[in-house]
DNA sequence: TTCCTTGCAAAACTTTTGCATTAAA
DNA sequence: TTTAATGCAAAAGTTTTGCAAGGAA
């Protein structure tokens, strides 16, 4: 705290190096989108990203938002989630983890890997291997209190 | 085996009674869609249902297919899955269970409840209760054999 | 210069809706 | 006869694409 400028500079440098490490060319739009998403673990829809860009005073076309998010996802910088049919969610936490999902609001919350343990998992079908496990714990507000 | 007519009659009667039990009015279109889905546990997209209806020689509008699937889902006769962003999948297995998903083809396969056991699950956030758990085990073809 | 990225608009795609017609009770 | 379901087309929403213009290497 206190050294906002230095913090900002160093996090900007971090974002640039993460993009560069993937061979992604640095542009203003990509830097803005990456800064929004990679500043902290979060779940955002394309529309929310576009809104955030507008709030920041940036003017980035919808097509570029989508293309950029897909580019980031293709390089493993973010992960696209399919938790509802309405729109895609982009998760900046790329480590293995799971999710809570509020069924009323659609809000997502991370569940740490170590908070879920399996004592049994099925054998994958012959000739197949497991590439990952998606787990969503659906929630609703309790009305019994 | 051997008594196809009786089998067909009895399964048709079963479908009708399941719809009636939900207070769903019987129509030809609903009966056709229900017969396709409820004949066996399966996962189908709206488009696949529409294709199947066309193959059967039935002419059912796209709107009716969607409305009917939503109606069935609202009454708990089928369950809508969100496993990819491309389209909705409708699962006629409404008992609790999980899924394998082939990442290349998108194909789904049921995983029985007892084939997955949790030795640890996180506490839901305060004031919330768990309504269900969606688990998708992602698969790809092994190329190491 | 050369290649890549952006923005805009239009297209593509899935899903929903409005309304006149038709079928079920 | 009264109410609800269907079909069609159009609308709505999200995501992708084509292409001219602009920016990075």
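The values are calculated or read from the model by the stated rules, or taken from the named source; none is laboratory data. What you are looking at is a predicted structure, and each value in this text was computed from that prediction instead of being measured. Every residue, glycine among them, receives a Cβ derived from its backbone with ideal geometry; neighbour counts consider all protein chains shown.
Annotation note: Cβ proximity below 6 Å between a residue of region A:32-49 that is in contact (Cβ under 8 Å) with a residue 60 or more places away in the chain and a residue that is not in a helix (DSSP H, G or I) (sequence gap 6+ or interchain) occurs for A:41/A:92; A:41/A:93; A:43/A:89; A:43/A:91; A:43/A:108. For region B:95-109, the count of residues that are within 11 Å of DNA strand C (Cβ to nearest atom) and surrounded by 15 or more Cβ atoms within 10 Å (Cβ to Cβ) is zero. Go through the residues of region A:120-142 one by one and say whether even a single one is more than 14 Å from chain B (Cβ to nearest Cβ), within 21 Å of residue B:136 (Cβ to Cβ), part of a loop (DSSP other than H, G, I, E, B) and free of Cβ contacts under 8 Å to residues at least 24 places away in the same chain. Looking for residues that are more than 14 Å from chain B (Cβ to nearest Cβ), within 21 Å of residue B:136 (Cβ to Cβ), part of a loop (DSSP other than H, G, I, E, B) and free of Cβ contacts under 8 Å to residues at least 24 places away in the same chain, one finds none in region A:120-142, hence no.
When the residues of region B:46-79 are filtered to those that are touching a strand residue (DSSP E or B) at 6+ places or on another chain (Cβ under 6 Å) and not in a helix (DSSP H, G or I), which remaining residue is surrounded by the most Cβ atoms within 10 Å (Cβ to Cβ)?
Here is the first cut: in region B:46-79, the ones touching a strand residue (DSSP E or B) at 6+ places or on another chain (Cβ under 6 Å) are B:69, B:73, B:78-79.
Among the residues that remain, those that are also not in a helix (DSSP H, G or I) are: B:78-79.
Numbers: B:78: 26, B:79: 18.
So, considering only residues that are touching a strand residue (DSSP E or B) at 6+ places or on another chain (Cβ under 6 Å) and not in a helix (DSSP H, G or I), the one surrounded by the most Cβ atoms within 10 Å (Cβ to Cβ) is B:78.
Pull up region A:110-119, narrow it to residues that are assigned to a strand (DSSP E or B) and within 7 Å of chain B (Cβ to nearest Cβ), then point me to the one that is farthest from the chain's Cα centre (by Cα). Per the criteria, the residue is A:119. Let me spell it out: the conditions are (1) touching a helix residue (DSSP H, G or I) at 6+ places or on another chain (Cβ under 9 Å); (2) within 13 Å of DNA strand C (Cβ to nearest atom); (3) within 11 Å of chain A (Cβ to nearest Cβ), and residue B:82 meets all of them except one. Which number is the exception? For residue B:82, the exception is condition (1).
Every residue in region A:110-135 that is surrounded by 15 or more Cβ atoms within 10 Å (Cβ to Cβ) and farther than 15 Å from residue B:111 by Cβ, please. Result: A:110, A:111, A:116. Every condition in (1) modelled with pLDDT under 95; (2) within 14 Å of chain B (Cβ to nearest Cβ); (3) within 13 Å of the chain's Cα centre (by Cα); (4) over 26 Å from residue B:121 (Cα atoms) holds for residue A:73 except the one numbered (1).
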